[in-house]
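The values are calculated or read from the model by the stated rules, or taken from the named source; none is laboratory data. Everything numeric in this text was worked out from a predicted model, so none of it was measured. No Cβ is skipped: glycine too gets one built from the backbone with ideal geometry, and neighbour counts run over all protein chains shown.
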Amino acid sequence: MTDSFPLPAAFIDQMRSLLGPDWAALRTTLDTTPPVSVHLHPQRAWLPPAAWQPVPWSACGYYLPERPSFTLDPAFHGGAYYVQEASSMLIAAAVQALLPVDRPWRVLDLCAAPGGKSTLLTSLLPPGSWLLANEVIKSRYQILRYNLQKWGYANTFTSKHDVVDFAPLAGMFDLVLVDAPCSGEGLFRKDPTARQAWSPEHVTHCALRQRRILQEAVPLVAQGGVLLYSTCTYNTQENDDNARWLATRNGLSYEAIPALAEYPVESREYGYQAYPHRLAGEGFYLAAFRQHQDYSRRRKAQDFSRIQRVPRREQALCEGWLSPDFQNELALYTTPKGHWRGIPKAMLADTQILAQYLHRIEVGISLGQPKGRNWLPDESLAFSLHLDSAVPRVDLSRELALALLRKETPPIPDLQARGWHLVTYQNLGLAWVKGLGNRYNNYYPQNWRIRMQG
């Protein structure tokens, strides 16, 4: 396939200038098969196959011996793992080296879709922390939202905003990750068609767009916090030059990450570069900066304007779905359309502040909605880490699980009782079904259903 998409001549010249004689090794590697990697969900009781091998710089990362059809693996749909390129998991090693683990973090993933780094970061958060995953492009936002729903945490929120909309939240975040849109040179092996879109002019366009995002991101970082900048490209214009520019911003200082010296990444004046001919991964760059200036503003939490508190007399309607201890930690709200959301009380003030300034934001976990005196559970509740153990479950074979994920209703021998059941595969939640006696209804969302056969 790579023969059909030759490398641009200007890109070759650029990489020869960067790597010298080492360019030949990279050139050869770009025509090889890329490694396949995932990171596991740290709280799912699911064991990886014995053939999977660990990624050295990520405790949850694994290499697969070959690329399977993830669409036909029910464990993938149940949130057992996220398919993520191994080099980008260096984010995990960087964050663990840069931030303290003895206090909660407020984290903003500013360019978050499709969600790989957000799910990775969520798995690292100390107790009491929360993460806001933002994506401005509507189609990409829906993918981000879906992937975070599958991850099942109650402390991850999503928003759909341009970076300029965050200005009133200056100084609020302990970590701001800007995994910026880039020219994608690091994907030339994984996706050879990306070579066609590359040009020196596109590199310049990307570098300017990145700088606009970074300029707005700098004040969002709390005093003592970290701005982490990353791309999946090689050139100095998008990487080193932007990092050097960041180091001159008022209040920021470049922060080396000695822990990355354990791995085969190139240390530059500003930042670290991963090359696919030196480690088992694709092209990736990251640089960290410490914030010394105090940009924080006095902000007072106010109750939400677009969602309302659920009256106490109605709250019993959703009892029995979440573990009692966890449900007691939630403040319950309802949307204008009657969908209930549970927001951890410990994070309520922060989420109220976020919602004052971000009008396209979802906070808390979606629980479902009342239907008369009955309850219709939300699809995302099937993935929650806090489901009550008493919720009826039925575990399926791979074949039956795939049929359910295709929105079919095959006979389920173990489903005999009426009422709601959580369909699982290897104890991973997949979907809600409602037994009706001699049949059942499959509530897996129509827009999630898989179409592939096999």
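For the range 288-308, how many residues are in contact with a helix residue (DSSP H, G or I) (Cβ under 7 Å, 6 or more places away or on another chain), assigned to a loop (DSSP other than H, G, I, E, B) and hydrophobic (A, V, I, L, M, F, W, C)? Here the count works out to 2.
Here Tyr285 clears all of (1) assigned by TED's automatic domain parsing to the domain that holds Gln84; (2) part of a loop (DSSP other than H, G, I, E, B); (3) farther than 17 Å from Pro56 by Cα except the condition numbered (2). If you go through the range 407-428 and keep only what is in contact (Cβ under 8 Å) with a residue 60 or more places away in the chain, buried (at least 19 other Cβ atoms within 10 Å of the Cβ) and under 11 Å from Val394 (Cβ atoms), you end up with just Tyr425. For the range 237-267, filtered to residues that are under 27 Å from the mean Cα position of the chain (by Cα) and part of a loop (DSSP other than H, G, I, E, B), the residue that is farthest from Tyr295 (Cα to Cα) is Pro264. The sole residue among Tyr254, Tyr263, Tyr229 that is in contact with a Phe, Trp or Tyr (Cβ under 8 Å, 6 or more places away or on another chain), closer than 19 Å to Arg106 by Cα and among the hydroxyl-bearing types (Ser, Thr, Tyr) is Tyr229. Quick one: in the range 257-272, which of the residues that are in contact (Cβ under 8 Å) with a residue 12 or more places away in the chain and among the hydrophobic types (A, V, I, L, M, F, W, C) is surrounded by the fewest Cβ atoms within 10 Å (Cβ to Cβ)? Per the criteria, the residue is Ala259. Looking at Tyr254, Tyr272, Tyr229, just one residue is hydroxyl-bearing (Ser, Thr, Tyr), over 20 Å from Glu85 (Cα atoms) and touching a helix residue (DSSP H, G or I) at 6+ places or on another chain (Cβ under 8 Å), and that residue is Tyr254.
Residue-wise test of (1) buried (at least 23 other Cβ atoms within 10 Å of the Cβ); (2) among the small types (Gly, Ala, Ser); (3) at pLDDT 95 or above.
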site: Pro35; (1), (2), (3): no, no, yes
site: His41; (1), (2), (3): yes, no, yes
site: Ser58; (1), (2), (3): yes, yes, yes
site: Trp105; (1), (2), (3): no, no, yes
site: Ala112; (1), (2), (3): yes, yes, yes
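Of the residues making up the range 306-314, one or more are surrounded by 17 or more Cβ atoms within 10 Å (Cβ to Cβ) and over 30 Å from Ala92 (Cβ atoms).
Just one of the listed residues (Pro6, Pro21) is over 26 Å from Val107 (Cα atoms), loosely packed, with under 15 Cβ neighbours inside 10 Å and at pLDDT below 95, namely Pro6.
Looking only at the range 362-376, decide whether some residue is modelled with pLDDT of 95 or more and farther than 20 Å from Glu314 by Cα. Yes - at least one qualifying residue is present in the range 362-376.
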